[in-house]
Structures are given as C-alpha cells and as structure tokens.
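Visitor: Here you go, one structure.
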Amino acid sequence: MNASAVSSQPCRRVAMLVTDGFEQVELTSPRDALRQAGAEPRIVSPKDGSVQGFNHDEKADSFPVDLPLAQARAEDFDVLVLPGGVLNADTLRTDEQAQAFVRAFDEAGKPIAVICHGAWLLIDAGLVQGRKLTSWPSLATDLRNAGATWVDQEVVVDGRWVSSRKPDDLPAFNAQLLECVR
C-alpha cells in the first residue's frame, strides 16, 4: 500500500496519548518531526500536570500534559499517535477512557500511528481484528490472538493505520506519519 492511502486530507492537529512510563524517544522523535512539518502535536494523558518519560527502564525527562484525557475529544484532532513503553502501554490498555478515545478515532476514520508496545491499547479497545500490524516482537502473539496479522517490518501501513516495532524504526515511522499531515 502506498503512503498516500494513509489519508486523503491534510491532518494538522495531533493527539499523542501517553501516561507515565512511555518510551521518551517514541514521543519526542515523532513530535519533533510533526512540529517541523507544521503540525500541532499535543500530549494527551489520563494524568494531570506532567508525564514521566523513560529511556528503556531508566527514568528520563518529564513532559507537561497539554490536555487531560477526560477533556480530550477525537473530533478536535486529525490524527492519533500512540508511543510505546511497557509501563505506559500496560496502564493505558486497561483505561476505559483511553480505549474510548482510540475507538472514536477509528470510528471517525482518522489516522492512528502506533509504535512498539502501544498496540496493546488497540487490542484492548477491540480494534485489531483483520488489521495488519507490526509492534515490539513480544506483542506478536497478543496481536495474532486478537485477530490481527502481525509482520516483522520496520513500518506497516494498513489503510489509515501506521505501525512500527521499536525506536530504531523511527525514521521510517516518522516518514509515514508525516504523510498524514501533508
């Protein structure tokens, strides 16, 4: 599938859904690429105040939350980015508001970009059946059991969804994500 199939209209307002324990570079790299392209990425979180980034298993920087999840509405954004990080993804996957937020993006036909462990939220939101995705390899069985086709590629585009495996894949992930804001 070519990159132009990701979105047929320009997307400018980007929700980046995270909570404590996200993989920092999986937020900062796409965020910086989006800003450079003229998009408006905003950190959305079930937490108020700030969220704690991690570099693998080590605490990294804290980032201010732009919008509490309780106040966020999918209709106010054009695209959703789900960074990974085990702690982040494991917490968000069981958050009913987070599940409803991603379902609203999917139901509205808006692009969703997910990397690493972020796909856990898509599984628990009931959205991966019949989808082709990649992720951190340890999620392969979870995705298959939920009805997805899992592939080991640096980036996968399935309709309006973009997925990648890990931080090393960020250049390819960001390139596909930027197709959503052109």
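Visitor: Got a sec? Which helices (runs of 4 or more DSSP H) wholly within the range 95-166 have at least 3 residues that are at positive phi and surrounded by 23 or more Cβ atoms within 10 Å (Cβ to Cβ)?
Guide: Counting at least 3 such residues, we get no helices (runs of 4 or more DSSP H) at all.
Visitor: Taking the range 30-44, which residues are part of a helix (DSSP H, G or I), buried (at least 19 other Cβ atoms within 10 Å of the Cβ) and more than 12 Å from the chain's Cα centre (by Cα)?
Guide: Those that are part of a helix (DSSP H, G or I), buried (at least 19 other Cβ atoms within 10 Å of the Cβ) and more than 12 Å from the chain's Cα centre (by Cα): Ala33, Leu34.
Visitor: Further, regarding this structure: Among all residue pairs at least 6 apart or on different chains, which show Cβ distances below 7 Å where the first residue, located in the range 91-107, is closer than 12 Å to Thr19 by Cβ and the second is loosely packed, with under 12 Cβ neighbours inside 10 Å and at pLDDT 95 or above?
Guide: From residues that are closer than 12 Å to Thr19 by Cβ, the pairs are Gln97/Ala70.
Visitor: Just checking, does the range 73-88 include any residue being open to solvent by 50 Å² or more (accessible area, probe 1.4 Å), modelled with pLDDT of 95 or more and touching a strand residue (DSSP E or B) at 6+ places or on another chain (Cβ under 6 Å)?
Guide: Checked the range 73-88: no residue is open to solvent by 50 Å² or more (accessible area, probe 1.4 Å), modelled with pLDDT of 95 or more and touching a strand residue (DSSP E or B) at 6+ places or on another chain (Cβ under 6 Å).
The values are calculated or read from the model by the stated rules, or taken from the named source; none is laboratory data. Values in this document were obtained by computation on a predicted structure and should not be read as measured data. Positions of Cβ are backbone-derived with ideal geometry, glycine not excepted, and every protein chain shown enters the neighbour counts. Protein only, heavy atoms only, side chains kept; ligands, DNA and RNA dropped before computing areas. Shrake-Rupley method; radii C 1.70, N 1.55, O 1.52, S 1.80 Å.
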